[in-house]
Structure formats: C-alpha cells, structure tokens
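Written out below as structure tokens is the structure these notes cover.
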C-alpha cells in the first residue's frame, strides 16, 4: 500500500473529509452470500439497476489526485463465491455532454447493509435521489463467467450507462444493465459463449457469440456471430438470452450478418476476433467493426449488413488481434470520422507480427487513408536508456473469442503529435515475460509518415531489471523513512539535488511476482489518454521497509501511468494502484482493499487485464488535447476502467480476509467481490489552486497567473492565453462546484 493512500486513511479516521465509494455496498449479514445480484431476476428486476457512486480520493505516486469507485460488481452464480470472475471489459472512447439520464431517480445510501439487491434479506432498500436534468455521459461493459448452482457454464455481459454533472464531478449516476447472457435461469444449460467487444456512450454494445462447449446444442448458437445490444432499449422485465433465434429481447438486439461463408443462421464459419464499435455520436448510427481469420477487416455498411476489405493494412500479408477505434479523424482523408488500428505482419507470406496498421474510418464504415508502420530492431527509451527488439503480442489463446480489445492504442500527445502503441515480446510466444510497450510518435506533419519508435515501458527479464517507477518518496525511494525530499509535494528527478526522489521501484518480470507460474507476459496492452500519457497493468518490484525500518522488495501487480514528458517526448512512470491499497467506503461504511489485478492467465495474456478500449480518449468533460496543461493533471483523463478483486473489512478489525480464498480464514465475516473499478477526475476546473474547494483564493490565483501570462491560465486549451480564457474561467467560477 502506498504512502498517500495510507495518509488518506489516517485523515479519514481522524474525522476529516474521507473518500466515498460505490457500487459500494455490503450485505446485511457478514460473510457469504454477500449482496451481488444474479442475472435472472425480472420480478423484481436485476436487469436494470440505478444507483449513485461518490468517488473517493486516489493519489498517484506523483501526487496526482484522482477519484476511484467500484462501478460494477459482477453477477452471482453460485453459493461458493461472492460473485463471478470477470473477463474482458471496455469503456466508451468518448464522453458526450448534455445527455439525458436514462432513468428518473437513483438509489443512494450511506451505511452497511444498503444496496441494490432486490432481496430485502440481503440489502436494505436505499433511498432515492432525483436524476440531474443532464450529465456528461459515458458507458462501460464487462463480461463475467462462472459455473452456476445448476452446474452449467454461465457467461454474461453487464453494462452501465453513467455520467456526472460538471459542478459535481465526484458523483456518478449509474444505470447498470444485464446486457446479455447464455442461460434463461440456473436450471437450464447454456446456449452460447460470449466475448467483448466495444461500447459507445449512447449505450450500444458490440459483442461476439459462439458455440464453444455449449451444453444446449439444440437451442444453441452456431459458428461465430456478432451482435449489437442497445442498452437504453433493454426491457427490464425480460432477460436477453443469446441463442439460435438471436437475443430473446429482440427489440434491443441486432444480429449482424457477417461476410460469407455463412450458415443458415447468419453465423460465420470463419473465426472472427471480438468486435469493436464506431460510435453513434461519430457516424450518426453505431457500426460494428471487426477482423477475421481470413485476413479481412469486416465492417457494418448498413444496419446488420457487413462488407470486408484488406485496404486497412497496406503492404502487409495478414493481421492479428482486434480492431482499435480512436474517436478522432487523424489520417486526414475525406469523410473520415475516426481512426482504426490493428497489429499486422509486413511479410506478405506471413511471419512475425511486426507492424501496426492505421487507417481512417469513414462515417459509412469504409476504409479511408491507410498506412503501416514497422519498427527497426533496437527501439530505445529516451527517458530511461534501454534498447529493445521484439514482435507485437497479446493476441493469442482465448483473446480472439473472449477479448479484450484491442492490442493497439492510438492517440495524440500534448505536443499534438500522433501516437500508436502496442505491447511487444522478445520472441513470438504467448508467455514471454521479456516485454515492452513500443510507441510510434510522428513529427506532427503528415499523419504517421515521419517519426520515431520509442519505448514507454520495458522489462529486462535476463537482467532482472525494468524501467524505473518514480514518486515523491525521497532520497531512498521508500515511503515513511523521513529522509530528505519525502512528501515535499515535488517529484524531484535531479540526482544532484538534496531533495532528489529516487526510483520507488521498477517494472518486473511476472515470474518474480508469481514465483514461476504463470511466467508471463509481464505487461498488458496500453491505453492512451488525452495528453499522450500511457496507462497499463504490469508486474512491479517496489521498494518498501518493514516496521523496523528494514528495506525489502515487494513484488506485486499494479496499474501504472507513463507520464508524457513534453520537453523530451518520452515517458516517466507513476504508480497509480497496487495490490494492498485500501480505501474508505463511506457509502458502505466499510473499508476495502484491492487484492488482485490480473496480467496473465495460465498460458497467455489475461482477458480481464487492461486493453486500449478501457479509457476515454478525450480529457475530462470531453475536453480535447490541451497543449499547455501539465501532462500530470487529472483533467487529462476522461476516465478509465480496470478489473480487480476487492475485499471489504466487514467487522472493522483492520484485516481484509476473503473467506473464499482457500488459503485464509473460512469463518471470516469479510466480503470479497470482483468489480470493475473506475478512475476519473474529481477536480473542478475552477479549483485553480487545487485546494479541493472553489473560493475567492482560486479567483485571485487565476488573476495573478493570467496577468503574468502563465500558460496554466489557458483555460479553454486553445494553445495560448487570451481574454477568452479569462471569460471562460469566470463563467466556470460563477457556476461553482
């Protein structure tokens, strides 16, 4: 657990401002069964549930303050565990301003026992708070799976449409949907297996279904299939089972006709990777996009009709993995509304996955301008010198069927250069732990033509070393040792400075964390925010000290942010969340601890780890790339999601014991849940001094900086300071928070 989160806990216990977390709830009684809902309830419904989330404080190791909250708990299928295991997840790539919430009111609670489970013996009924007239809206999805009480293989898709008011950024209004599932109830066998997928902010979900290992072959789906489910159209009085007639909630479910060869049920006999989606707010209608094992890019040209092409990957012989959709037209072609990316193979006869192909996506789904980029051997890291040669990975094993999406991340830096990134391995094997995140950064001229390949992250397995991670922990890089530079509010990276902050750890090989199984990979695929910061999950080795002051190395998995260095066009690493971090849940009245974040499964990358479509491309409140804002600012993050197991300290004894872990106390009263966690900005833009409040001191500080021509007063992110910035700030200040 990191220093700033420990400090926050101490502050909370002292009775001062404390973080609030939700779908933050525990059941009325300790231990099992907990309060996760099942996928089958229609009267009372569990198909649509609405609740408020009050995000809590999270400080990165560079002192950046974010908000964090469990957005969605997975469903409950058995009496053995508190809820199901997660698989792939996603977040809309855009946020949309001034959306109308889908419901009139939201559940709101403060205290243990309250929640959204309709069983009164499990949760007290919460109060209701009215929906705002409008909010800035997003959407998220997560797949879950587990053997149900009837011993069938349950698999489902859960979604959420949610948003925030700009005057209250720490509160999220969430409507949770059971998007689709593969069983009608506990007693009946499964008719499909489902994979994700993409989602847009209007609630359109792109998903995959096949018949792998299904128990009901009479009513089951056949072949490979793409579906679109429209969350706002979901009937809360009906489940949506995917079977050989399509979705049982037919009004909310589109069955996409895939390219030939087809069977009688619209299924493709050719394997397809999990799909993504071209957002409705970009194209006028949502369009499902994907790739198949026939080397074709498949895209929806009209509702439920698809076409295919190889034009998306010029100069290549094949592609690998899923399609990434970046919601900005970067390629400069006519009628383009977005940009696509995929891993590819430059050798026309196949071979290594050595390239990234990038293309413009037109509003009708057609491919526009396209280019392929192939790095030469010996990619270097300008920030932390290291050279690396490898091939692109993270597309093998279950990923084609389950997700996530995608291996490629596209974006823009704070210097308005264009970025394309993906994870590499030193050899073409699914478990290779010697990994890096390679980034092509163009020179700001013609899109993706001239530029440089660089490393944003790397693990040197043979040398048992990795890219350093930095923080405000002082000369020794260890928290709470009282050495110079520790917690002084500045991350000082000058080794000659008396307040130098030494590295707090490094990226590590996964086998250093696990002891050998799984051995790798060690890094997830990357995500890119609006400032060009690169986020990922990886294995880490962190510098710690025990209660006697003895140093040791703590091997963990962690969520990491690579902060874009605008002056040197490279990345320095910040620790965001590590295993053992704890947070106060004001809504539940109980603290919880993050106990697991996956990177790899037994034979490849874990579908439940982080992928490029789990972040909003723009900044907070749909702000564009801002060339003058500090790249560390939380305003550069429009939001991201990641999967984690969290354990609530139900009896407030200071321990977090999962009674279902198999290695702990089976009599523990604590409760453990798999949850999709959301991280976002909670700072009002008018809070200019970062105090957490909007007051006259913010106004005075802004005026002084504005008069000095400080670029931090470029309030509208136009790239220069002028009267428009002053007017924009005054309007935001008058609006308040």
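Of all residues in segment 589-626, those satisfying the criterion of being in a loop (DSSP other than H, G, I, E, B) and under 15 Å from residue 675 (Cα atoms) are 597, 598, 607, 608, 609, 610.
Applying the selection to segment 198-230, what residues are touching a strand residue (DSSP E or B) at 6+ places or on another chain (Cβ under 9 Å) and either outside the structural domain of residue 146 (by TED's automatic domain parsing) or over 22 Å from residue 323 (Cα atoms) (or both)? Listed by number, the residues that qualify are 211, 212, 213, 214, 215, 216, 219, 220, 221, 222. Comparison of 505, 482 shows that the only residue that is loosely packed, with under 15 Cβ neighbours inside 10 Å and assigned by TED's automatic domain parsing to the domain that holds residue 574 is 482. Scanning segment 470-488 for residues that are at pLDDT below 95 and under 28 Å from the mean Cα position of the chain (by Cα) yields one hit, 479.
Within segment 127-145, is there a residue that is in contact (Cβ under 8 Å) with a residue 12 or more places away in the chain, at positive phi and in the same structural domain as residue 675 (by TED's automatic domain parsing)? Within segment 127-145, none of the residues are in contact (Cβ under 8 Å) with a residue 12 or more places away in the chain, at positive phi and in the same structural domain as residue 675 (by TED's automatic domain parsing).
Yes or no, residue by residue, for (1) within 30 Å of residue 328 (Cα to Cα); (2) touching a helix residue (DSSP H, G or I) at 6+ places or on another chain (Cβ under 6 Å); (3) surrounded by fewer than 24 Cβ atoms within 10 Å (Cβ to Cβ); (4) free of Cβ contacts under 8 Å to residues at least 12 places away in the same chain:
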residue	(1), (2), (3), (4)
529	yes, yes, no, no
535	yes, no, no, no
551	no, no, yes, no
554	no, no, yes, no
559	yes, no, no, no
576	yes, no, no, no
581	no, yes, no, no
588	no, no, no, no
594	no, no, no, no
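In the list 101, 86, 44, which residue meets the criterion of being assigned by TED's automatic domain parsing to the domain that holds residue 565, at pLDDT 95 or above and surrounded by fewer than 24 Cβ atoms within 10 Å (Cβ to Cβ)? Matching residue, one of 101, 86, 44: 101. What do you reckon, is residue 393 over 23 Å from residue 88 (Cα atoms) and either crowded, with 20+ Cβ neighbours inside 10 Å or not assigned by TED's automatic domain parsing to the domain that holds residue 226 (or both)? In short, no.
All conditions but one from (1) in contact (Cβ under 8 Å) with a residue 24 or more places away in the chain; (2) over 26 Å from residue 110 (Cα atoms) apply to residue 662; the one that does not is (1).
None of 672, 634 is in contact (Cβ under 8 Å) with a residue 60 or more places away in the chain, surrounded by 14 or more Cβ atoms within 10 Å (Cβ to Cβ) and closer than 21 Å to residue 616 by Cβ except 634. Across segment 363-383, the number of residues qualifying as surrounded by fewer than 20 Cβ atoms within 10 Å (Cβ to Cβ) and without any contact (Cβ under 8 Å) to a residue 40 or more places away in the chain comes to 3. The number of residues in segment 413-445 being touching a residue at least 60 places away in the same chain (Cβ under 8 Å) and over 30 Å from residue 398 (Cβ atoms) comes to 7.
A single member of 694, 721 is assigned to a loop (DSSP other than H, G, I, E, B), in contact with a helix residue (DSSP H, G or I) (Cβ under 6 Å, 6 or more places away or on another chain) and either under 23 Å from residue 489 (Cα atoms) or not assigned by TED's automatic domain parsing to the domain that holds residue 625 (or both), and it is 721.
Of the strands (runs of 3 or more DSSP E) lying entirely inside segment 112-183, those containing at least 1 residues that are crowded, with 24+ Cβ neighbours inside 10 Å are 135-147, 153-165, 168-181.
Does any residue of segment 674-683 turn out to be more than 27 Å from the chain's Cα centre (by Cα), at pLDDT 85 or above and assigned by TED's automatic domain parsing to the domain that holds residue 581? No, that holds for no residue. Would you be able to say whether some residue in segment 639-659 is in the same structural domain as residue 163 (by TED's automatic domain parsing) and free of Cβ contacts under 8 Å to residues at least 12 places away in the same chain? Looking through segment 639-659, at least one residue is in the same structural domain as residue 163 (by TED's automatic domain parsing) and free of Cβ contacts under 8 Å to residues at least 12 places away in the same chain.
The values are calculated or read from the model by the stated rules, or taken from the named source; none is laboratory data. Note that the coordinates shown come from a computational prediction; the quantities given were computed from them, not determined experimentally. All Cβ positions, even for glycine, are placed from backbone atoms using ideal geometry, and neighbour counts span all protein chains on display.
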